[in-house]
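J.: Before I ask anything, here is the structure I am working with.
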Amino acid sequence: MESEDDMIDDSVSMEDDFYSGDLSYCYDDDPNDNDNDYYFDDDNDYGLLEDDDDDDQDGIVSRRPQLSYTVLKEADIKQQQEDDISKVSTVLSISRVDATILLRYYNWSVSKVHDEWFADEGGVRQSVGLLERPAVQVSNARELTCGICFESFLRDNITSVACGHPFCLSCWRGYISTTIYDGPGCLSLRCPDPSCNAAVGKDMIDKLATSEEKEKYSRYLLRSYVEDNRKTKWCPAPGCEYAVDFTVGSGNFDVSCICSYSFCWNCTEEAHRPVDCETVAKWILKNSAESENMNWILANSKPCPKCKRPIEKNQGCMHMTCTPPCKFEFCWLCLGAWAEHGERTGGFYACNRYEAAKQEGVYDEAERRREMAKNSLEKYTHYYERWASNQLSRQKALADLHQMQTVHLEKLSDLQCTPESQLKFITEAWLQIVECRRVLKWTYAYGYYLPEHEHAKRQFFEYLQGEAESGLERLHQCAEKELNKFVTGDGPSKEFDDFRAKLAGLTSVTKNYFENLVRALENGLADVDSQAAAACSKTTSSKNTGGTSKTRGGRGKGSSKSGGSGRNVDDTSN
């Protein structure tokens, strides 16, 4: 059973869906700080600066969907932690120190603490180490013996936790200091007596630890609230100290931190909607694995017949010479010794022995393996190049957006005698481009793993991808090139209103294309049917916004071929 703190919070219950309506805006709730009030995703992304007193602010806030997550600063984390401790302390009528120990044990779940405590208070106390009465009775003698160093000390120099086991202050300090410097395990500190389970709380740390040790302990406690809490995670961006409190159960896992990095809350990789986490993990592993290197070696090289080291042919003739110390000379085609070759076997550019052996089927298996490796490598190269190209285009679009926000909008406003508030259609176009480049990038990872035998799904996918990419290219060209003539102009232009209508129209149409693409991929292309397959074979005309149609490189047709002379893998050719 879960209580309200583990349920969906009404104030953050809706998905942060870029395609569910107008552009999704994320705002910092603190109006008193100096952070950007408008931000979005990815490392090196740039936030759009918005004034709090902007006339259109209320309209934007009312249009944006509520988020399924909250970005927490350090002060927010501390406040939430203190609030949870207060809840448990008040409801269970225990000290804040004991409440902290309980929450740590149950991973900061207030509902779990309440459920377990009221179900079996005695069992919980025993498990956590919150003893109701001392385990040992200490005499009223003036001096007591420390259980660690076995020295006698005045009672004022002896202390203990709830169990009552007496230890001197010096031994306690050494025990606490060593444990804190060992790491976060100090948060589960127990009585030094090996047979005792009594918990050591923050009150003992505050009493005996140094200021540096107290700071470390407090830092561990704060990080524990995020790292042990199933609803909260740190932003994975390098150097970022913000955390994200997520409404578990929401369908969309993409979140944007205040630092402008966007990531998947589920797997903590960069935001990859609409592609699932499993596909992303496989794709990232493939990009970093050695398997493609081996595929390349298999497809583009042959082993030296003598030393077996792989050799890449990078010149025209078939006469190959392995590098020292081997120096074996052989024929590239049949791998036979070159001493047995000459004009009678076909010369430098052919090999009669190879042709004859091939006709007899001698080289069928080796050639089949080589051809399979080559096809696999070409397929991977095709999708990887387009995946990487869209990532680079996205980074360039982010830089252009930043330039537009910081320099060009003000200049354009002066040139066209138009308030900057009426130029938001330009910023919205660039935001759409940035987001669409992200989505398009991940569709190539999706396409790579789409089974070859599912022809209808592949055809439908390539159709939707092509439509989306074509629309994006028209929008990107309009925002990048056609806008430039107005930015570099000498004064107001009569064509600016027409440009406004065109850019806004292209933004809307491109958004619709990507809505269809995202929806289809999230449904596993389940909507593919005879009508969709028929639609794939039709040539679509340019939509109602005009613009020149671009070649649809995103349909997965053809593959990238490598050109130019090669290079050696391990040895050199003649």
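J.: Out of all the residues in region 406-423, which are out of contact with any Ser or Thr (no Cβ under 6 Å at 6 or more places or on another chain) and open to solvent by 40 Å² or more (accessible area, probe 1.4 Å)?
T.: Thr406, Val407, His408, Glu410, Lys411, Asp414, Cys417, Pro419, Ser421, Gln422 - these are the residues of region 406-423 that are out of contact with any Ser or Thr (no Cβ under 6 Å at 6 or more places or on another chain) and open to solvent by 40 Å² or more (accessible area, probe 1.4 Å).
J.: Kindly check whether there is at least one residue in region 427-441 that is in a helix (DSSP H, G or I), within 23 Å of Glu482 (Cα to Cα) and without any contact (Cβ under 8 Å) to a residue 12 or more places away in the chain.
T.: Scanning region 427-441 turns up no residue that is in a helix (DSSP H, G or I), within 23 Å of Glu482 (Cα to Cα) and without any contact (Cβ under 8 Å) to a residue 12 or more places away in the chain.
J.: With the checklist (1) over 30 Å from Leu154 (Cα atoms); (2) among the acidic types (Asp, Glu); (3) buried (at least 19 other Cβ atoms within 10 Å of the Cβ) in hand, flag the one item Asp98 doesn't pass.
T.: Of (1) over 30 Å from Leu154 (Cα atoms); (2) among the acidic types (Asp, Glu); (3) buried (at least 19 other Cβ atoms within 10 Å of the Cβ), only one is false for Asp98: (1).
J.: If Val528 passes every condition in (1) surrounded by fewer than 20 Cβ atoms within 10 Å (Cβ to Cβ); (2) at pLDDT below 90; (3) under 26 Å from Ala445 (Cα atoms) but one, which one does it miss?
T.: Val528 satisfies every listed condition except (1).
J.: Please indicate, with yes or no, whether at least one residue in region 441-463 is within 21 Å of His402 (Cβ to Cβ) and surrounded by fewer than 23 Cβ atoms within 10 Å (Cβ to Cβ).
T.: yes
J.: Cβ-Cβ distance below 6 Å, separation of 6 or more or different chains: which pairs start in region 500-512 with a residue that is in the same structural domain as Ile426 (by the TED database) and free of Cβ contacts under 8 Å to residues at least 12 places away in the same chain and end on one that is open to solvent by 20 Å² or more (accessible area, probe 1.4 Å) and assigned to a helix (DSSP H, G or I)?
T.: Listed by first residue and then by second, the contacts come to nothing, as the list is empty.
J.: When you scan region 453-499, how many residues do you find that are free of Cβ contacts under 8 Å to residues at least 40 places away in the same chain, basic (Lys, Arg) and part of a helix (DSSP H, G or I)?
T.: Of the residues in region 453-499, 2 are free of Cβ contacts under 8 Å to residues at least 40 places away in the same chain, basic (Lys, Arg) and part of a helix (DSSP H, G or I).
J.: For Gln403, work out the one condition from (1) surrounded by fewer than 16 Cβ atoms within 10 Å (Cβ to Cβ); (2) touching a Lys or Arg at 6+ places or on another chain (Cβ under 9 Å); (3) farther than 30 Å from Asp276 by Cβ; (4) not small (Gly, Ala, Ser) it doesn't fulfil.
T.: Condition (2) is where Gln403 drops out.
The values are calculated or read from the model by the stated rules, or taken from the named source; none is laboratory data. Only a predicted model underlies this, so the values are computations on that prediction, with no experimental measurement involved. Every residue, glycine as well, gets a Cβ built from its backbone with ideal geometry; the counts of neighbours run over all protein chains shown. Remember, those area values only see protein heavy atoms, side chains included, never the ligands or the DNA or RNA. Shrake-Rupley method; radii C 1.70, N 1.55, O 1.52, S 1.80 Å.
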